[in-house]
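Undergrad: For reference, the structure I am asking about is given below.
The values are calculated or read from the model by the stated rules, or taken from the named source; none is laboratory data. Everything quoted here is computed from the prediction, not taken from an experiment. Neighbour counts run over all protein chains shown; Cβ positions are idealised from the backbone, glycine included.
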Amino acid sequence: MTTPLALVFYEHLLPGSQLVNRLQDLGYRVQTVAEAGALVAQAELARPLVVVADLASAKADVCAVIRQLRQNLATQHIPVLAFTDKRKKKLQTAARDAGATMVAVDDAILRQLPQLLEQVLQVT
């Protein structure tokens with residue numbers, strides 16, 4: 001049996017690196033993606049169990065990337081757990097509208113990661 005793969009996009013070292021460590025502690029193999037634009041191609045190639053994406057990107061529209069994941073036949077089934085600052089309500093709504101399976105706030109992503117993953121994986 002292979003270890004489940006989580007594909008992770010983040011630009012900010014914190015909580016990004018902490019998230020990677022936490023996923024590894026939970027038994028996931030983790031592949032990080034440095035550029036949001038490469039997320040769809042990497043998801044097609046790597047076939048992850050889940051995509052975890054930081055919505056707070058200065059370089060890309062992560063919601064547009066989530067929409068592309070949903071429109072691509074090879075990736076549309078992959079659950080997407082997105083996260084951002086709790087004050088960014090419009091961004092949270094945009095991510096849901098784009099097709100994110102679940103949107104969490106920065107405060108909760110590390111603290112409640114096992115429960116969030118369980119929920120996001122049950123939705124699919």
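Undergrad: Please enumerate the residues belonging to the range 1-42 that are of a type in the set (Gly, Ala, Ser), surrounded by 13 or more Cβ atoms within 10 Å (Cβ to Cβ) and touching a residue at least 12 places away in the same chain (Cβ under 8 Å).
TA: Within the range 1-42, ALA6, GLY16, ALA36, GLY37 qualify.
Undergrad: Shifting gears a bit: Does ALA41 satisfy the criteria of being at pLDDT 95 or above and farther than 15 Å from LEU121 by Cα? Walk me through how you get there before you give the answer.
TA: Working: at pLDDT 95 or above: yes; farther than 15 Å from LEU121 by Cα: yes.
For ALA41, the condition - at pLDDT 95 or above and farther than 15 Å from LEU121 by Cα - is met.
Undergrad: For the range 23-33, state whether one or more residues are under 23 Å from GLN122 (Cα atoms), more than 13 Å from the chain's Cα centre (by Cα) and polar (S, T, N, Q).
TA: Taking every residue of the range 23-33 in turn, at least one turns out to be under 23 Å from GLN122 (Cα atoms), more than 13 Å from the chain's Cα centre (by Cα) and polar (S, T, N, Q).
Undergrad: Let me spell it out: the conditions are (1) buried (at least 18 other Cβ atoms within 10 Å of the Cβ); (2) in contact with a Leu (Cβ under 6 Å, 6 or more places away or on another chain); (3) without any contact (Cβ under 8 Å) to a residue 40 or more places away in the chain, and VAL52 meets all of them except one. Which number is the exception?
TA: (3)
Undergrad: Of everything in the range 49-69, what is out of contact with any strand residue (DSSP E or B) (no Cβ under 8 Å at 6 or more places or on another chain) and of a type in the set (D, E, K, R)? Give them in sequence order.
TA: Hits for the range 49-69 are LYS59, ASP61, ARG67.
Undergrad: Then there's this: Within the range 70-78, does at least one residue satisfy the condition of being out of contact with any strand residue (DSSP E or B) (no Cβ under 7 Å at 6 or more places or on another chain), within 20 Å of ALA43 (Cβ to Cβ), in contact (Cβ under 8 Å) with a residue 24 or more places away in the chain and outside any loop (DSSP other than H, G, I, E, B)? Before the answer, list the steps.
TA: Of all residues in the range 70-78, those out of contact with any strand residue (DSSP E or B) (no Cβ under 7 Å at 6 or more places or on another chain) come to 70-77.
Narrowing further to those that are within 20 Å of ALA43 (Cβ to Cβ): 70-77.
Filter again for in contact (Cβ under 8 Å) with a residue 24 or more places away in the chain, leaving 70, 72, 74-75, 77.
Keeping just the survivors that are outside any loop (DSSP other than H, G, I, E, B) gives 70.
Yes - at least one qualifying residue is present in the range 70-78.
Undergrad: Out of all the residues in the range 87-110, which are at pLDDT 90 or above and surrounded by fewer than 13 Cβ atoms within 10 Å (Cβ to Cβ)?
TA: Residues satisfying the conditions are ARG87, LYS89, LYS90, THR93, ASP97.
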